[in-house]
Amino acid sequence: MNRALLGSLLLGFLIAACGNTDDPSPGSGGAPGEGAGGEGGGAPVACGGSEEATCGEGELCEHPDGRCGAGAEQGQCVARPAPRSCPERCTPVCGCDSKVYCNECLAHAAGVNVSNETTCIHAYYETGGSDALSLYKADVEDNRCTRIVLVSPHENEPNEDVALPVSWGVSRLNFTGRAVDCGFPFPDDARLLSADVDRLDGSVSWDDSPTVGIPCTLDVDITITFADGVEDHHLRATSVPIYNGCL
């Protein structure tokens, strides 16, 4: 065969072979498994711990065995589920942010781990004509919500022996038959339960020094006693987060 013709054929084969090589289009992100997150088959990415490493957008720092990752304990970055992919069934769980969620999937979609170690007590600060602070305790086992509203200025009733910062008092006490009612805003369709409350005792405290506007956390220790022999109900927790606070 003519040497020139043979060389041309070999060159053609080489060009064809190179043309069949996969070349990801711009913006495709490369092949699966090359991402930096905890999904996709790559090495798991650690998060949390003493260095407080964070995950990427759309990821959750998942901690093992239903723990909240306190101290030096590390978690692993995983992709958050889409809320629309979560079950519709509502089986309330407590998040590590002290809020209640309809199920674990929805908590993870919000970027929150769930745990039995949390109290499910949080507070929400409202401003307007009067300052108001709502305390919520979700009881996921009995599927019940307890809400105590504190207002300033306001005076306690005689059966409300609750120590509070100056000018504050207990304004309302509500019970509902759904743990997920424990959130702000308090739902209009909340089914209030009747309760023959005998008295409230205890205290709620926070940093009310002149240099503090709206506090970040509070401590609560309240016992609710019922007149009809129902077992006492307690709200006890320290460093309770105040949402819409810390200003």
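Throughout, read-outs are computed from the coordinates displayed, never taken from laboratory work. In this text, all values refer to a predicted model and were calculated from it rather than measured experimentally. Positions of Cβ are generated from backbone atoms using ideal geometry, with glycine treated the same way; all protein chains shown enter the neighbour counts.
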When you go through (1) charged (D, E, K, R); (2) free of Cβ contacts under 8 Å to residues at least 24 places away in the same chain; (3) touching a helix residue (DSSP H, G or I) at 6+ places or on another chain (Cβ under 9 Å) one by one for Asp207, which number turns out not to apply? (3)
Restricting attention to the stretch 87-112, the residues that are farther than 22 Å from Cys47 by Cβ and in contact (Cβ under 8 Å) with a residue 12 or more places away in the chain number exactly 8
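Can you go through Gly75, Gly95 and tell me which one is over 30 Å from Asp196 (Cβ atoms) and more than 14 Å from the chain's Cα centre (by Cα)?
Details: Gly95 fails: more than 14 Å from the chain's Cα centre (by Cα).
Answer to the selection: Gly75.
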For the stretch 174-190, state whether one or more residues are in contact with a Ser or Thr (Cβ under 7 Å, 6 or more places away or on another chain), crowded, with 19+ Cβ neighbours inside 10 Å and in contact (Cβ under 8 Å) with a residue 12 or more places away in the chain. yes
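Of these, Asp198, Asp181, which one is over 16 Å from Arg147 (Cβ atoms) and in contact with a strand residue (DSSP E or B) (Cβ under 9 Å, 6 or more places away or on another chain)?
Working: Asp181 fails: over 16 Å from Arg147 (Cβ atoms).
Within the list Asp198, Asp181, the selection yields Asp198.
Please tell me if Asn143 is touching a residue at least 40 places away in the same chain (Cβ under 8 Å), crowded, with 19+ Cβ neighbours inside 10 Å and over 21 Å from Leu218 (Cβ atoms). Please lay out each step first, then the result.
Working: touching a residue at least 40 places away in the same chain (Cβ under 8 Å): yes; crowded, with 19+ Cβ neighbours inside 10 Å: no; over 21 Å from Leu218 (Cβ atoms): yes.
For Asn143, the condition - touching a residue at least 40 places away in the same chain (Cβ under 8 Å), crowded, with 19+ Cβ neighbours inside 10 Å and over 21 Å from Leu218 (Cβ atoms) - is not met.
Which residues, taken from the stretch 48-62, are surrounded by fewer than 20 Cβ atoms within 10 Å (Cβ to Cβ) and either in contact with a Ser or Thr (Cβ under 9 Å, 6 or more places away or on another chain) or hydrophobic (A, V, I, L, M, F, W, C) (or both)?
Going residue by residue through the stretch 48-62, those that are surrounded by fewer than 20 Cβ atoms within 10 Å (Cβ to Cβ) are 49-54, 56-58, 62.
Hit for the stretch 48-62 is Ala53, nothing else.
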Would you call Cys246 of a type in the set (A, V, I, L, M, F, W, C) and in contact with a Lys or Arg (Cβ under 8 Å, 6 or more places away or on another chain)? no
Only one of Asp201, Asp219, Asp228 that is without any contact (Cβ under 8 Å) to a residue 60 or more places away in the chain, assigned to a strand (DSSP E or B) and farther than 22 Å from Asp97 by Cβ: Asp201
Looking across the stretch 231-247 at residues that are surrounded by fewer than 13 Cβ atoms within 10 Å (Cβ to Cβ) and not in a strand (DSSP E or B), the single one that is nearest to the chain's Cα centre (by Cα) is Leu247
